[in-house]
Structures are given as C-alpha cells and as structure tokens.
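Below you'll find the structure, written out as structure tokens, and then a few comments.
Laboratory data are not the source of any read-out in this text; all were calculated from the coordinates shown. The model shown is predicted, which means the values in this text are computed figures rather than measured ones. Cβ: placed from backbone, ideal geometry, glycine included. Neighbour counts: every protein chain shown.
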Amino acid sequence: MALHFIFILLLNFLRNGQSAASCCDRSRSGYVEFRSLTEFLRKTDVIEKHFNYNNQTDVFYINHDATILYNSIHYSFDDFYEQHENRTKVCLFKLYRRYDEIEHVVFNDGSRPRQIVFGCHSDEECCEIGCCSIGNYSYFYVM
C-alpha cells in the first residue's frame, strides 16, 4: 500500500479578493463592528478629547488630521493616515449617508468625513473596521 501525501494550503484572500460575507464574519478574531466604534465616540471623555461640540447646532467638529485610538487601532478620517505600530496595510471604511451615528460629525471647514482610515498588520486583513487574523492552514491527508 503506497502512502500518498496530499498537501493542501488554504489561504484567505486579501480583502480585495474576498466577498463581503467572508470579510465581515463577526465571529472572526479581531472583528470590530462600526456600531461599537460609534458607541465609543459618544463617551464624554472621548468627545472632550477629540471634538469641539456645538450644542446649538448639535454638530461635532473634528480636525482633518485627528487620530482616535480605539481597541488598539488608530482611526482617522478621509485621506489622513499616519502609520502606527508597523501597521502596513491601509484599510478604508466608506461612510455612506445610512450611518446616522456620525451624521453630526463634520470637519472644521464644514465638510463631512467620507471614510474612516486605519491600518492593520501584514498578517491581518481589514474586516469592517477591525483587523482580522488571516488563517493559513495546512492539512495533510494520508491515503
């Protein structure tokens, strides 16, 4: 009886090669939901640190180059990104009008953020607004 070794490598594709379903599996390690970030941004100490709030207009003003640390990830808005902790993969989360949670966030010039920018390590991939581990698995079958 001959033994045959079949070596199969299963690699997850980078975000560009994934379907939305596989990139946004909430059970994956490192997944961060947009809603959890917006809940964090509502905290009084976060508002005082990063925003200028105008209670007459209910608008939260933020600088274009502001960076907010949440869940060990540095988040920026629009085109501003500053690499932290050797996070070489840049991720973009598009902000559409359906996100009511941040409708009142505007830049000091009156424009609205179009996207959230953050970075992941090279062995991670962007998943919603988190950095999920990329699973590299090897399977050996003996026949």
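With a sphere of radius 15 Å drawn around the Cβ of Asn86, what net charge do the other residues whose Cβ falls strictly inside it have (Lys, Arg +1; Asp, Glu -1)? Net of charged neighbours comes to -2. Near Ser76: Cβ cut-off under 9 Å, other residues only, Lys/Arg at +1 and Asp/Glu at -1. The net charge is -4. Between Val59 and Phe40, the simple spin-label model (points 7 angstrom out along Cα→Cβ) gives 2.7 nm. The magnitude of the dipole of segment 32-142, with charges of +1 and -1 set on the Cβ of Lys/Arg and Asp/Glu and taken from the Cα centre, is near 180 debye.
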